[in-house]
Amino acid sequence: MLPKLHIAGLAAVAALLTSTAAQAQAQVDVTFWHSFGGKSEEALNTIVERFEATNPDIHIEPEHIGNYEEIVTQLQAAIPAGRGPDAVIMEVTRYGLFADRGVLMDLTPYMDADPLKQNLYPFAQEIGIYNGKNYIVPFNSSTPVTYVNRDIFKRAGFDELPPLTTFAEITAAAKQIQERLGEDGIRGIAAPGQFTRWGLVMGNGSDLVDRTTNEVMLDTPKTIDAYKWMASLVKDEHVASEDNVTDEDSGGEQFLAGKVGIIFNSTGNFGGNYRALGDNLRVLPMPCNDGCSVPIGGAGIGILDSADQEVKDAAYKFISFAASPESNALWFATTGYMPINRLTAEEPVAKEAMAGQPGIDVAIKQLDVAHGRARPPFVTWMRTQEYDLWQAMALGQRDVTEVMTEFADQTRAEAARLSQ
Amino acid sequence: MPRLTPYLLVAPLIAFIAVFTYIPIVTSLDLSFREWDFLSPEKPWVGLANYRQLFASHSFWQAVWVTAVFVVISVPIRLGLALAVANLLLRETRGSRILRAALFLPSVTSTVSIAVVFSWVFATDVGLANAALEAVGLPRLRWLQDPTLALAVIIIVNTWKQLGYDIIIYIAGLQAIPTELYDAASVDGGRRFHVFRRVTVPLVMPTTYFLLVVSVIEAFQIFAIVDVMTHGGPAGATNMLVVELYKIGFSLFDIGQGSALAVLLFVLLVALAIFKARVLGRRVHYEA
């Protein structure tokens, strides 16, 4: 009896092992590097779980690597070591170099065969194209918006929100806040971070790099004027903290803590801001000092060309799922990042968010004036250098015109070097 | 077989050092003569072009200057302070043991955590340092925005972090000095300062020499504190050589030029070590 039981048991274990092995063999694993933490990561994990439930033969392994810059750095080190991921989130102005060097695969054939393409907004279609080929599919698209702490404005004597369209109007409001509430440790405005600096230059009728010709525009009069105004908030008007200049995240933190009246930031910060400020949060379009124009930011998902074909197929399936109306609606409602799919607005989750979270749709309403930015390889270099130069200008160490003229020359030289 | 035993015993360590030290040094040397961005399959030979670009770069020379200033100021402060504190904590009492442990604690604490905490302490608007100044009626300082102050903050934080290690090493060195020498000096009527200068300082010279070599190398290689607290700013005022190396290599994708800087730093440190051995090594007495 005992031997028989043993044999039956062994047979059962063997059958189980065989089926598990077969399942493991059939399953395709996709490593996915991303940049989302907190609530955003929770929403991403929900999307992954839903995808895996409908695609049991694919396992997505999401890994939080850090911010966009840290992803680029880690990717650089991982690629030569053969330890790169299969899919990766890449910021929209930084993927050009990776596409140029053949690291990212051309997704055009996948996109052309995918009905998703017809449903993507034009900006979402455009953002992934580099040199005529599709390298990333947008996931978290954004524009910068103006966030206002209504309570601070009331305490500073504004019964109604003043117009915040021109640079002069913003300076005036920030000064009034600073004068009335400065002693309570409240600042009128947060010094703009790099994404919104680019946005404010565009709102002044210029750009850093021409988006059609890739020509450097750092030394055009309107770009210089925009930088002069931004620097003046810190060094002349003293309505923005110098801490925000040396630590670009600090402005956002101070706004969440109710210590700043106005901040320009990505619409992707909407969720966090709304949770922190609730009904005191107001969201306005970006300033239109000289015409209205805002940059499209955020990131898209690309697939590494080094991945095996079946992994590439599985990764694209996931990318397509992440851009579907259901996934996109969940992502939009949780984070505030813009919908990229025309059908997203029809989803109940999205409708609920629009009705219950006033201001979440401001970025969508700005889409008429939203533009993708130039992304030639030298943009990565330019963005890295810009931090130091911005510090020198905002802290009053160097003259804005002199810095921007020199910066433009250096950027042109770098563009020439990289194009060789 | 017995003849091979010693070689076999050291083989794992040799392999470890070769893989993690010598091979990277040689690879770095090779890469410094090539153009590479980590992504391209090709690494064309460019001769001395990376070195030429480096020598023509303003930010490289700024990093050299800032690092030199940092080393020249921070190392003597570290060693002087460590010797003075070690002297005070030499006696074996419960209080001195607690203080030694307290002072050593930063040495074993994560550098990044320390840098994050000190970033808050020295924040202009909400930092503890400015709150303390305002509490006694003094104006706020732009700790991390003023170029001079930012470097001073880096020196303060680095000294705070490293001091405990130096103190412990100095205490060990001081304890090795024979007490008879102090007794003899005392009989001869030597005052406290004279005894310190004529007996303690010369006899603790081997320890000072060791700490000097180690702290100069550490100072030249400072990275984490700067990267977290200032990213080399404001406007390059705390841009040390390794921060510049990281920026060139990992933000600007220029591995060739980054490797050239690494090679130059290596050569500089070796040259300094030889210089110290020639100039100071002769004055070091290992026996009383």
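What follows draws every value from the coordinates through simple rules; no lab data is involved. Nothing here was measured: the structure is a model prediction, and the numbers come from that model. Note that we place each Cβ from the backbone using ideal geometry, even for glycine, and neighbour counts take in every protein chain shown.
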Helix axis angle, A:221-235 relative to chain A longest principal axis, alpha carbon, degrees: 80
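Residue A:55 to residue A:83: extension gain in nm, 0.36 nm per residue of separation minus the Cα-Cα distance?
Working: separation 28, 0.36 × 28 = 10.08 nm, distance 2.52 nm.
Using 0.36 nm per residue and subtracting the Cα-Cα distance, I get 7.6 nm.
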Residue B:73 to residue B:138: extension gain in nm, 0.36 nm per residue of separation minus the Cα-Cα distance? 20.8 nm
Quick query: amide H of residue A:187 versus all other amide H atoms, modeled in the peptide plane; which residues come in under 5 Å with a sequence gap of 5 or more or a different chain? A:260, A:261
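Based solely on its DSSP helices, what 222 nm [θ] is calculated for the protein assembly as shown when runs of n ≥ 4 H residues each add -39,500 (n - 2.57) and the sum is averaged over all residues, nearest 500 deg cm²/dmol? Show your work: numbers first, answer last.
Numbers: 34 runs with 397 residues, N = 708.
After summing the helix terms and dividing by the residues of the protein assembly as shown, the value is -17500 deg cm²/dmol.
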Given just the C-alpha atoms of the range B:86-140, how large is their convex hull per residue in cubic angstrom? 115
Mean shadow area of chain A, taken as a quarter of the surface of its Cα convex hull (nm²): 24.8
Cα long-axis angle, helix A:378-394 against chain A (0 to 90 degrees, to the nearest 10): 40
Order of B:30, A:388 under a 10 Å beta carbon neighbour criterion, fewest first: B:30, A:388
With label points built 7 Å along Cα→Cβ from the Cα atoms of residue B:49 and residue B:25, find their separation and express it in nm. 2.8
Any chance you could check the Cα centroid distance between the range B:36-80 and the range A:56-82 for me, in angstrom? 29
To the nearest 20 Debye, how big is the dipole of chain B about its Cα centre, given +1 on the beta carbon of each Lys and Arg and -1 on that of each Asp and Glu? 800
Calculate, axis by axis, the spread of Cα positions in the range B:46-144 along the three principal axes, and write the results as whole Å, longest axis first. 62, 38, 23
How high is the FRET efficiency between residue A:29 and residue A:280 when r is their beta carbon distance and R₀ equals 60 Å, given to the nearest 0.05? 0.85
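What Kirkwood hydrodynamic radius do you get for the protein assembly as shown when you take the inverse of the mean 1/r over all pairs of distinct Cα atoms, in Å? Don't skip to the answer; put the middle values down first.
Values: mean 1/r = 0.0345 Å⁻¹.
Across the protein assembly as shown, the inverse of the average 1/r is 29.0 Å.
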In sequence order, what are the phi-derived ³J(HN,Hα) couplings for the range B:23-32 according to the Karplus relation 6.51 cos²θ - 1.76 cosθ + 1.60 with θ = phi - 60°, rounded to whole Hz, with x for glycine and proline? 5, x, 5, 5, 4, 4, 4, 5, 5, 5
Which residue, chosen from B:221, B:265, B:195, occupies the Cα position most advanced towards the positive end of the dipole of the range B:57-283, where the dipole is computed from +1 (Lys, Arg) and -1 (Asp, Glu) charges on Cβ about the Cα centre? B:195
Given H placed on each backbone N at 1.01 Å, which residues far from residue A:61 in sequence or on other chains put an amide H within less than 5 Å of it? A:30, A:31, A:32
Cα gyration tensor shape for the range A:161-309, rounded if a/c is under 1.5, else prolate or oblate: oblate
Quick one: helix A:400-419 against the long Cα principal axis of chain A, what's the angle to the nearest 10°, folded into 0 to 90? 30
Note down the net charge around residue A:405, summing +1 for each Lys or Arg and -1 for each Asp or Glu among other residues with Cβ under 12 Å from its Cβ. -3
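Would the range B:181-230 count as rounded, prolate or oblate if I go by the C-alpha gyration tensor, calling it rounded below 1.5 in a/c and otherwise prolate when a/b exceeds b/c, oblate otherwise? The partial results should precede the final answer.
Numbers: a/c = 6.67, a/b = 3.27, b/c = 2.04.
Prolate, because a/c is 1.5 or more and a/b exceeds b/c.
Compute the longest continuous run of chain B that contains no exposed GluC sites (Glu not before Pro); treat a site as exposed when its DSSP state is not H, G, I, E or B and it has at most 11 other Cβ atoms within 10 Å.
Working: sites that count: B:42, B:92, B:287.
It works out to B:93-286.
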Show the residues, 5+ positions off or on another chain, whose built amide H is closer than 5 Å to the amide H of residue A:372. A:296
When the Karplus curve 6.51 cos²θ - 1.76 cosθ + 1.60 is applied with θ = phi - 60°, which whole-Hz ³J(HN,Hα) does each residue of the range B:60-73 get, with x for Gly and Pro? 5, 5, 5, 5, 4, 5, 4, 5, 4, 4, 4, 5, 4, 8
How are the C-alpha pair distances of the range A:310-420 spread across 5 Å bins, as whole percents from the shortest bin up? 2, 10, 13, 11, 10, 11, 12, 12, 10, 6, 1, 0
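Please work out the FRET efficiency for the pair residue B:282 and residue B:10, using the Cβ-Cβ distance as r and a Förster radius of 35 Å; give the result to the nearest 0.05. All intermediate terms of the calculation are to be shown ahead of the outcome.
Values: r = 32 Å, r/R0 = 0.90.
Efficiency, from the Cβ-Cβ distance: 0.65.
If r is the Cβ-Cβ distance from residue B:40 to residue A:67 and R0 is 22 Å, what FRET efficiency results, to the nearest 0.05? Don't skip to the answer; put the middle values down first.
Working: r = 25 Å, r/R0 = 1.12.
The formula returns an efficiency of 0.35 here.
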Kindly provide log₁₀ I(q)/I(0) values, in the same order as q = 0.12, 0.16 Å⁻¹, from the Debye equation applied to equal alpha-carbon scatterers of the range B:57-283. -0.78, -1.16
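Summing +1 for each Lys or Arg and -1 for each Asp or Glu, what net charge is found among the other residues whose Cβ lies under 11 Å from the Cβ of residue A:135? Intermediate values should be presented prior to the final figure.
On the way: positive: A:133, A:375; negative: A:100, A:106, A:305.
Its environment carries a net charge of -1.
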Pair residue A:194, residue B:94: separation of 7 Å Cα→Cβ label points (nm): 5.5
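Using 0.36 nm per residue, how much length does the chain from residue A:46 to residue A:368 gain when fully extended, once their Cα-Cα distance is taken away?
Working: separation 322, 0.36 × 322 = 115.92 nm, distance 3.10 nm.
Between residue A:46 and residue A:368, full extension yields an extra 112.8 nm.
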Estimated inter-spin distance, residue A:214 and residue A:351, nm [label 7 Å along Cα→Cβ]: 4.6
Would you kindly derive the ³J(HN,Hα) couplings of the range A:193-203 from the backbone phi angles with the Karplus curve 6.51 cos²θ - 1.76 cosθ + 1.60 (θ = phi - 60°), listing them in order in whole Hz, with x for Gly and Pro? x, 4, 4, 7, 4, 4, x, 6, 5, 5, x
Pairwise centroid distance, computed over Cα atoms, of the range A:206-231 with the range A:133-156, Å: 21
Roughly how big is chain A's charge dipole about its Cα centre, with Cβ charges of +1 (Lys, Arg) and -1 (Asp, Glu), in debye to the nearest 20? 420
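What does the charge add up to near residue B:89, with Lys and Arg as +1, Asp and Glu as -1, over the other residues with Cβ less than 15 Å from its Cβ? Walk me through the intermediate numbers first.
Numbers: positive: B:91, B:94, B:97, B:100; negative: B:92, B:166.
Local net charge: +2.
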